[in-house]
Amino acid sequence: MQAEVFFIYHNGEQRGPYTAAQVNHLHRCGFIDDDTLYWREGLEQWQPVGQIVLRRKRRNRLLFWFILLGTLAVIAPLVMLFGPVTADAWRELTSGDFTAESAWWRARGLVRDQLPKGTQLRFDPYPLAQVSLHDHDGATVVLGGTLTQSSGSIEHGAWRVLLRYDENHGTWGAAPKVGGAMPQK
């Protein structure tokens, strides 16, 4: 059985033959519109293509926006809650430049690693820290912060951290001394 053949009249010319699938494709892609005329064997006159093309089911835009807003409503509080903490932890672990700020970030990570479980620490901002770079491979960082113990007591502390820079790996680490991060009294 031979497929049904269609001819279309577009931009002043008759074109074809086309199969029904080809006419649908031309319509979906926007090459022809609903008012383009078609003819097939058995028709007395040309007819608008809009009568034979398959219509795509329109998406439910309301459902799309509902799902998007629902997803954002769940994700936004999580980002607001965990985003800053995650970003700080990332910077503390991956600070790899030989700069004062990079040394400060790594010193924060070393201090945080030595805290007892349940202790929370909020560091003072970078401009309040004292950072000294020396010998192209070391730094001394004095940074402060507010400690909240698991018991609820709050105190301000300061730490002096000696760092060594590994140029081969581009990483900061504790200098080879016992107690790389020590609270200052």
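A few comments on the model shown:
- Residue list for the stretch 32-42, restricted to those being surrounded by 10 or more Cβ atoms within 10 Å (Cβ to Cβ) and over 14 Å from ALA20 (Cβ atoms): ASP33, ASP34, THR36, LEU37
- Candidate set from the stretch 139-159 (those that are out of contact with any Leu (no Cβ under 8 Å at 6 or more places or on another chain) and more than 18 Å from ALA175 (Cα to Cα)); member that is surrounded by the fewest Cβ atoms within 10 Å (Cβ to Cβ): GLY152
- Only residues that are surrounded by 13 or more Cβ atoms within 10 Å (Cβ to Cβ) and more than 33 Å from the chain's Cα centre (by Cα) were counted across the stretch 109-138, and they come to 4.
- Of the residues examined, SER132 is one that is among the polar types (S, T, N, Q) and not in a loop (DSSP other than H, G, I, E, B).
Laboratory data are not the source of any read-out in this text; all were calculated from the coordinates shown. Everything quoted here is computed from the prediction, not taken from an experiment. Neighbour counts run over all protein chains shown; Cβ positions are idealised from the backbone, glycine included.
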